[in-house]
Amino acid sequence: MSHFDSLPWPYPIKYGEQTNYDADVLVLGGGIAGVWAAITAARTGARVAIMEKGDTRRSGAGGTGCDHWQWAADNPGSGVTPNELSNALVANHGGWRNGMSTYIQCASGYETLLELEAMGAKVRDVDDEFAGAPFRDEKTKLLYAYDYDNRFVIRVWGANFKPLLRMECLRRGVQIVDRVNATTLLTENGRHGARIAGAAGVNTRTGAYVVVRAKAVVLATNRPQRVFTFSSEHRGVTAFRGASNVGNGHAMAWRIGAEFTMMEKTIRSPFASPYSYPPYGSGNAINTWYPCTIVDANGKEAPWVDVNGKVLTTVEERCHPAEGQKFFIMGGGNASQPHPGLKQYGGPRLIPDLEDRMMRGEFTPPFYADMTSMPDYERRAIWGLMVGQEGRTRIPVLQTYSEGGFDPARDMLQTYDFIRGHGMREPVAPQERTFGEIGVSGGMMVDWDMMSNIPGLFGAGDLLFGAQDHSHAATTGRYVGARAALHAQGKDFAGISEEQIVRDKERVYAPLTAKPDSLDWKELNAGVARVMQNYCGEVKNAELLSLGEMWLADIAANEVPRLAADNPHKLMRALDVADILTCAQMIVAASQRRKASSSTLHFSRLDYPDLDPPDWQKFLVIRKGETDIETSYRPHGFWGDLEANYAPRAAENRSALRHKVSSAA
Amino acid sequence: MNHSPVLATPNFPTPGRPVIFDPDVCNGCNLCIVVCPEDVFIPHPTKGGLPIILFPEECYYCGACVDDCNRKGAIRLNHPLQQRVRWKNKKTNEHSRLR
Ligand SMILES: Cc1cc2nc3c(=O)[nH]c(=O)nc-3n(C[C@H](O)[C@H](O)[C@H](O)COP(=O)(O)OP(=O)(O)OC[C@H]3O[C@@H](n4cnc5c(N)ncnc54)[C@H](O)[C@@H]3O)c2cc1C
């Protein structure tokens with residue numbers, strides 16, 4: 001049967017029918033941060049529900065894998081302290097990184113990993129596949145990546161983490177509400193900026209309306225996507241992130257008056273291009289493929305150098321700090337790393353002028369990733385452990401290429417560097433930007449409890465400002481689950497306004513009414529993206545940005561009402577695009593208000609060309625007030641002493657836990 | 001002239017066939033429909049029939065459907081032609097590509 005034969009919708013239609021739940025802690029988004037938050041909240045004895053748009057077994061950016069457990073400075077092998085590492089990570093991002101959540105990540109990464117292990121995950125080389133390898137600790141059997149001296153990034157078998165975490169949620173009695181797209185945060189009596197009362201959502205298969213009353217809500221819906229570029233055609237296996245993470249949480253929280261920061265940071269999109277290759281699926285030497293040997297068409301090796309420019313002659317030398325350097329952060333040399341970082345923390349990489357050398361005839365393209373000549377343990381670590389456990393590589397890369405005949409001990413995988421881009425990256429036009437596809441980006445402003453300015457509204461994972469990584473999502477989720485549960489203790493439910501519900505139902509079901517001049521969600525997405533490319537691209541000034549504001553407002557007023565959807569799935573996508581539009585408006589508003597250019601934020605204003613003026617080295621915070629957008633600022637490092645703020649809360653969290661994680665055995 | 005039946009159908013999106021089901025192995029249990037994070041499939045109207053790829057262009061090739069399938073070989077990913085990678089045998093210099 002072709003999928004163009006018109007079929008009846010396979011699920012019962014329940015538009016407008018309402019189901020109600022109650023929870024002490026409601027988690028919106030059952031990705032990595034969400035399931036961890038739910039597990040920890042449930043371990044305190046709280047009644048917990050998760051509302052997830054997809055299915056919690058595999059949903060979210062970490063749903064099918066994680067190969068690097070980043071920045072676990074609390075692991076027994078680490079050569080750096082959590083304080084040292086989080087301060088380095090913040091400094092490496094010019095001060096624009098979430099010091100609080102980064103500290104939680106650095107200080108509890110290993111602790112969290114041990115809980116995951118108790119749930120049945122493989123986090124160490126128990127099968128002795130890598131016995132004797134220089135990145136292995138023979139006693140603990142932990143495997144490390146990048147800096148083999150300082151050992152704070154752990155290689156893990158993450159392709160199954162998500163299903164295991166979901167099982168743990170079920171064992172802990174968490175109410176999982178899958179296939180419900182959260183659309184609306186409810187506040188006390190519907191008042192703007194008031195304390196949280198719960199959330200509403202729409203089932204993506206039946207169209208039913210779901211209301212959950214809650215004393216605390218944890219937002220864990222990742223970040224906006226598709227704000228600057230959108231094409232459903234040709235994207236295929238080059239897509240980096242799934243279609244469901246579009247910034248619904250950002251838009252929902254914005255509507256009720258939550259604060260956001262760093263929203264003006266957008267970068268040239270490394271993965272937007274449909275003309276690219278599968279992420280982690282072409283030859284390269286960064287991230288998952290670190291420290292792969294690269295050779296040219298004649299088999300000539302491309303040199304690696306350390307941060308001082310010293311040429312490194314062996315594979316092993318690529319995994320140690322340079323002379324005079326205590327430790328390094330990542331390495332690989334870094335087409336895919338949006339911010340070049342400080343020299344002090346730079347890692348080994350391919351020689352930076354490789355392209356010039358090729359142009360001069362010293363190397364002949366195309367280049368290949370040559371694992372055949374690498375030590376066997378490094379080859380097996382890249383191909384099989386890292387490529388295989390890394391997000392969406394086990395099936396699309398490892399299995400598909402292996403079945404297609406690729407053998408890393410015999411074959412060299414072509415890179416497309418210098419013939420069409422760098423690493424996993426394509427050369428993209430300046431206007432083809434991305435908000436949060438990669439790197440740290442803008443998000444919800446929170447305090448040390450990971451709570452926003454809306455009482456009872458918490459955040460975790462990639463949704464937080466200035467944050468990223470799987471282990472960050474896991475550790476902040478785990479931390480916030482306890483904070484939210486403690487917040488809920490002894491509280492009553494806030495009153496829900498029936499009027500807010502009625503208004504919301506009108507809004508969310510509006511696309512179901514057929515219109516003579518209806519507009520499809522895809523066209524609206526492309527239309528919003530075009531406005532952003534033109535008026536909030538690499539070139540910005542007050543004039544362009546106000547035109548952007550004007551045209552986005554025009555779309556909101558005149559095009560969104562034309563949105564049409566003829567089934568619950570398309571209704572989800574239609575509401576998503578309306579939220580993408582809201583996120584676009586947040587980005588333009590922040591960009592208009594930063595009156596200076598910034599290197600780390602990849603932000604350049606023609607009318608304020610001064611790069612990084614000291615006055616503007618601060619977080620710009622925006623929120624939707626009752627009438628206008630309100631602006632405020634926080635200095636870099638506003639979180640104060642990391643350890644002093646973290647330690648008492650972590651201790652309180654620990655003592656709130658009444659149950660251990662289940663031991664899978 | 002021999003030809004297939006002539007039908008008034010719109011164009012396929014590209015890619016339009018992110019996964020391929022093997023009708024001899026797939027038993028239509030629909031587990032792939034349960035796990036797909038983007039909900040690109042719907043069940044076949046006939047019980048036991050192959051799942052239908054309703055929204056092929058929303059697939060992001062995460063591979064969950066293949067990974068979680070209980071019947072090996074029932075589903076495989078079908079990389080778009082323009083995104084199939086190339087490699088070379090180091091000894092023989094023979095060039096290959098993903099097929
Ligand atoms: C291909 C890929 C590979 C990666 N590999 C690594 C790695 O090896 N190491 C590493 O450290 N990091 C890695 N990352 C990053 C890491 O996966 C993310 O940082 C992490 O998953 C973020 O967790 P999160 O919970 O914030 O978001 P997610 O895990 O994406 O979860 C968000 C969840 O919210 C749901 N959701 C969204 N909107 C709604 C709504 N309106 N209502 C209900 N639910 C909603 C989504 O369906 C999703 O399940 C990778 C990312 C990608 C895309």
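Values in this text are rule-based calculations from the coordinates and carry no lab data. Keep in mind the model is a prediction, meaning the values are calculated, not measured. All Cβ positions, glycine included, derive from the backbone under ideal geometry; neighbour counts span all protein chains shown.
Among the listed pairs A:Lys522/A:Lys595; A:Lys265/A:Lys595; A:Lys14/A:Lys522; A:Lys53/A:Lys122; A:Lys122/B:Lys88; A:Lys14/A:Lys505, those whose Cα-Cα separation exceeds 22 Å are A:Lys522/A:Lys595; A:Lys14/A:Lys522; A:Lys53/A:Lys122; A:Lys122/B:Lys88. Take each residue of peptide A:392-399, count the partner chain Cβ atoms within 10 Å of its Cβ, and average: the result is 6. Reported to the nearest whole Å, the Cα centre-to-centre distance from region B:1-71 to region A:226-281 is 25. Between amide H atoms placed 1.01 Å from N, distances below 5 Å from A:Glu538 occur with A:Gln431, all of them 5 or more places distant or on a separate chain.
Compute the distance in nm between two label points, each set 7 Å from the Cα along the Cα-to-Cβ direction, one at A:Val539 and one at A:Arg360. So the label points at A:Val539 and A:Arg360 sit 3.4 nm apart.
The sum of -39500 (n - 2.57) across all DSSP H runs of n ≥ 4, divided by the residue count of the protein assembly as shown, sets its helix-only mean residue ellipticity at 222 nm to -7500 deg cm²/dmol. Applying a 4.7 Å Cβ-Cβ cutoff to chain B, the cysteines left without a disulfide-compatible partner are B:Cys26, B:Cys29, B:Cys36, B:Cys59, B:Cys62, B:Cys69.
Note on B:Asp24/A:Glu652: beta-carbon distance plugged into 1/(1 + (r/R0)^6) with R0 of 41 Å gives a FRET efficiency of 0.10. In sequence order, region A:285-298 has phi-based couplings of 10, 10, 6, 4, 9, 5, x, 5, 6, 10, 10, 8, 4, 9 Hz under the Karplus curve 6.51 cos²θ - 1.76 cosθ + 1.60, θ = phi - 60°, and Gly or Pro positions carry x. Positive contributions from Lys and Arg (+1) and negative ones from Asp and Glu (-1), summed over other residues with Cβ under 12 Å from the Cβ of A:Gly283, come out at -2. Inter-chain Cβ neighbour count for B:64-70, averaged per residue, equals 5 (cutoff 10 Å, partner chain atoms only). Maximal additional length on extending the B:Leu54-B:Thr9 stretch stands at 14.7 nm, based on 0.36 nm per residue less the C-alpha distance.
Rounded to the nearest Hz, the phi-derived 3J(HN,Hα) couplings of region A:367-379 under the Karplus curve 6.51 cos²θ - 1.76 cosθ + 1.60 (θ = phi - 60°) are 8, 9, 7, 10, 7, 4, 8, 8, x, 3, 5, 6, 4, where x marks glycine and proline. If you take the Cα centroid of region A:42-93 and the Cα centroid of region A:111-161, the two points sit 15 Å apart. For region A:1-107, a simple Cβ point-charge model (Lys and Arg +1, Asp and Glu -1, everything else neutral) yields a dipole of about 40 debye relative to the Cα centre.
Since only A:Trp96, A:Gly77, A:Gly132 are under comparison, the one whose Cα sits farthest along the positive direction of the charge dipole of region A:71-164, derived from C-beta charges on Lys, Arg, Asp and Glu, is A:Trp96.
In order along region A:597-603, the phi-based Karplus estimate (6.51 cos²θ - 1.76 cosθ + 1.60, θ = phi - 60°) of 3J(HN,Hα) comes to 8, 9, 5, 5, 7, 6, 10 Hz; Gly and Pro are listed as x.
Here's the list of lysines a cross-link from B:Lys91 could span, going by alpha-carbon distance under 22 Å and ignoring same-chain residues fewer than 8 apart: A:Lys300.
Per-residue mean of foreign Cβ neighbours for B:36-49 is 5 (Cβ atoms of other chains, 10 Å radius).
Within region A:113-155, the GluC sites (Glu not before Pro) that combine a DSSP coil assignment with at most 16 other C-beta atoms in a 10 angstrom radius are A:Glu129, A:Glu138. Stretching the chain fully between A:Asp149 and A:Leu170 yields a gain of 3.6 nm (0.36 nm per residue, less the alpha carbon separation). Shape analysis of the protein assembly as shown based on the Cα gyration tensor places the equivalent ellipsoid semi-axes at 37, 32, 28 Å, largest first. Annotation: amide H-H contacts under 5 Å for A:Thr184 (H modelled 1.01 Å from N, sequence separation of 5 or more, or interchain): A:Ala200. With 0.36 nm allotted per residue and the present C-alpha distance subtracted, the A:Ala514-A:Asp353 stretch has 52.2 nm of extension available. Remark on A:Ala208: its backbone amide H falls under 5 Å from those of A:Lys14, A:Asn203, a criterion applied only to residues 5 or more positions apart or on other chains, H modelled at 1.01 Å from N.
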